[in-house]
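Student: Here it is: the structure, laid out below.
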Amino acid sequence: MPANIIKREKEIKSVWFAPQFSSTYGEYRVRNIGVDGAWNFTFGIPIETSEIVNILFYAINDSGSSGNQTFIFNTTYGAIGERGDNHSESGISVTVDIQNNINIYSTSIYKSDAGGLLFANLNAGDMAGVEVDLPAGISSRALGIMVRYKA
């Protein structure tokens with residue numbers, strides 16, 4: 001490549017999907033997930049996406065438990081014109097390191113960080129549903145999902 005040609009990397013963009021809130025926690029609008037509970041969430045992948053960098057789930061730990069915990073994730077997703085359950089994965093275990101009570105935590109729920117199994121066929125324009133099943137004794141306040149991508 002000639003010295004005067006500069007290759008520009010694609011910029012990483014983010015889009016935030018907040019849950020349908022059930023309460024507030026301080027000034028946060030959150031979705032409460034009771035002890036041993038589950039949370040379902042819908043989000044979309046922007047149509048201009050050329051590469052998904054990551055998908056992160058954010059929550060506040062309010063159970064008093066900390067350390068590595070095993071969360072179970074189930075997914076269903078597809079694009080306009082496809083069946084809503086065109087792709088799915090179920091019962092995928094992801095280890096999440098949650099800190100002390102009331103700390104915000106996040107975990108990747110995208111294939112590269114979740115054992116190659118979550119959202120293995122997710123593409124631009126897809127609508128996705130995810131269920132997060134909390135481990136025994138854990139309760140949280142879901143903040144939302146962030147999709148990081150390159151256009």
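The values are calculated or read from the model by the stated rules, or taken from the named source; none is laboratory data. All figures in this text were calculated on a predicted structure; none of them were measured in a lab. As a convention, Cβ positions derive from the backbone with ideal geometry for all residues, glycine included, and neighbour counts pool all protein chains shown.
Student: From Glu51, Glu11, grab the single residue that is at pLDDT 85 or above, acidic (Asp, Glu) and surrounded by fewer than 11 Cβ atoms within 10 Å (Cβ to Cβ).
Tutor: None of the others qualify; the one that does is Glu11.
Student: Out of the residues in the stretch 128-139 meeting the condition of being out of contact with any Ser or Thr (no Cβ under 7 Å at 6 or more places or on another chain) and surrounded by 15 or more Cβ atoms within 10 Å (Cβ to Cβ), tell me which one is farthest from Gly84 (Cα to Cα).
Tutor: Asp133
Okay, residues lined up against (1) touching a Cys at 6+ places or on another chain (Cβ under 8 Å); (2) part of a strand (DSSP E or B); (3) buried (at least 19 other Cβ atoms within 10 Å of the Cβ); (4) on the phi < 0 side of the Ramachandran plot:
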| residue | (1), (2), (3), (4) |
| --- | --- |
| Leu56 | no, yes, no, yes |
| Thr70 | no, yes, no, yes |
| Thr75 | no, yes, yes, yes |
| Gly84 | no, no, no, yes |
| Asp97 | no, yes, no, yes |
| Ser106 | no, yes, no, yes |
| Asn121 | no, no, no, yes |
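Student: If Tyr110 meets every condition in (1) within 13 Å of the chain's Cα centre (by Cα); (2) not in a loop (DSSP other than H, G, I, E, B) apart from one, which number is that one?
Tutor: Going through (1) within 13 Å of the chain's Cα centre (by Cα); (2) not in a loop (DSSP other than H, G, I, E, B) one by one, Tyr110 breaks only (2).
Student: Here's another thing I want to ask about it. Report the residue count in the stretch 42-65 for those that are of a type in the set (A, V, I, L, M) and out of contact with any strand residue (DSSP E or B) (no Cβ under 8 Å at 6 or more places or on another chain).
Tutor: Of the residues in that region, 1 qualify.
Student: Yes or no: the stretch 29-40 includes at least one residue that is modelled with pLDDT under 90 and of a type in the set (Phe, Trp, Tyr).
Tutor: Yes, the stretch 29-40 contains a residue that is modelled with pLDDT under 90 and of a type in the set (Phe, Trp, Tyr).
Student: A further question follows. Is it the case, given these coordinates, that Thr24 is closer than 15 Å to Asn123 by Cα and hydroxyl-bearing (Ser, Thr, Tyr)?
Tutor: Answer is no for this residue.
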